[in-house]
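Trainee: Please find one structure pasted underneath; my questions will follow.
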Amino acid sequence: QAQLVESGGGLVQAGGSLRLSCAASRRTFSRSVMGWFRQAPGKEREFVAAITWTGSPLYSTTSMKGRFTISRDNAKITVYLEMNSLKPEDTAAYYCAAGSGFSVLPGSYDYWGQGTQVTVSS
């Protein structure tokens, strides 16, 4: 059964940093594109970043670009999202996803985690 478990969320002050982790089952992780999305209350799910099996990244072209870094450790079957210079508008539930398409579209991903909450205070 596919399984993605996010961790690392929490409360941080504006300007701070957080590192999110997503642990996957080997079957889900192997050869999959891994992505991070976020969703704030009342808003649609938003693409943050994705990374291929070989480590090629794709980033959102919004204000997140340059502040967030995606990486993966295939040996540890884990994908990470390093978030720096956090802003209150980054407050959202952050979701890990796995799929076969290298895309910004949520529909391209087959498996999703339960999410981890990130709250940035001003």
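Trainee: Ignoring everything except DSSP H segments at least 4 long, calculate the 222 nm mean residue ellipticity for the chain; use -39,500 (n - 2.57) per segment, divide by total residues, nearest 500. It would help to have the intermediate numbers written out before the result.
Mentor: On the way: 1 runs with 4 residues, N = 122.
Rounded to the nearest 500, the figure is -500 deg cm²/dmol.
Trainee: Related question: Order the peptides 76-82, 116-122 from the highest to the lowest mean number of other Cβ atoms within 10 Å of their residues.
Mentor: On the way: 76-82: 19.6, 116-122: 15.9.
Per-residue mean Cβ counts within 10 Å order the peptides as 76-82, 116-122.
Trainee: As a test of reading the structure, rank 61, 28, 91 by solvent-accessible area (1.4 Å probe, protein chains only), most first. Provide the component values of the computation, followed by the final result.
Mentor: On the way: 61 125, 28 5, 91 40 Å².
Putting 61, 28, 91 in descending order of accessible area: 61, 91, 28.
Trainee: Tell me the Rg and the Dmax, in Å, that the Cα atoms of segment 62-122 produce.
Mentor: When restricted to Cα atoms, segment 62-122 yields Rg and Dmax of 12.9, 38 Å.
Trainee: Taking amide H atoms as placed 1.01 Å from N in the peptide plane, list the residues 5 or more away in sequence, or in a different chain, whose amide H sits under 5 Å from that of residue 91.
Mentor: Under 5 Å from the amide H of residue 91 lie the amide H atoms of 120, each far enough along the sequence or on another chain.
Trainee: Ignoring ligands, DNA and RNA, what accessible area per residue does segment 70-119 give at 1.4 Å, in Å²?
Mentor: Working: 2230 Å² over 50 residues.
It amounts to 45 Å² per residue over segment 70-119.
Trainee: So for segment 9-78, considering every pair of alpha-carbon atoms, how many percent are separated by more than 19 Å? Write out the running numbers ahead of the final one.
Mentor: Values: 973 of 2415 pairs.
Here the tail beyond 19 Å accounts for 40 percent of pairs.
Trainee: Within the accessible area of the chain, what % is carbon and sulfur when the probe is 1.4 Å and the other protein chains stay in place?
Mentor: Numbers: 3010 of 6240 Å².
Result for the chain: 48 percent of the exposed heavy-atom area is carbon or sulfur.
Trainee: With contacts defined as alpha carbon pairs under 8 Å and 6 or more residues apart, what's the relative contact order of the chain in percent?
Mentor: On the way: 308 pairs, mean separation 43.6, N = 122.
That works out to 36 percent.
Trainee: In whole Hz and in residue order, list the ³J(HN,Hα) couplings for segment 5-10 that follow from phi through the Karplus curve 6.51 cos²θ - 1.76 cosθ + 1.60, θ = phi - 60°; x for Gly and Pro.
Mentor: Taking θ as phi minus 60°, the curve returns 10, 8, 7, x, x, x Hz for segment 5-10.
Trainee: How large is the translational diffusion coefficient of the chain in µm² per second when you combine the Kirkwood radius over alpha carbon pairs with Stokes-Einstein at 4 °C and 1.567 mPa s?
Mentor: Numbers: Rh = 14.0 Å.
Estimated diffusion coefficient is 92 µm²/s.
The values are calculated or read from the model by the stated rules, or taken from the named source; none is laboratory data. Remember, it's a predicted structure, so these values are computed and weren't measured experimentally. Cβ: placed from backbone, ideal geometry, glycine included. Neighbour counts: every protein chain shown. To get the accessible areas, we keep the full protein, side chains included, count just its heavy atoms, and leave off ligands, DNA and RNA. Shrake-Rupley method; radii C 1.70, N 1.55, O 1.52, S 1.80 Å.
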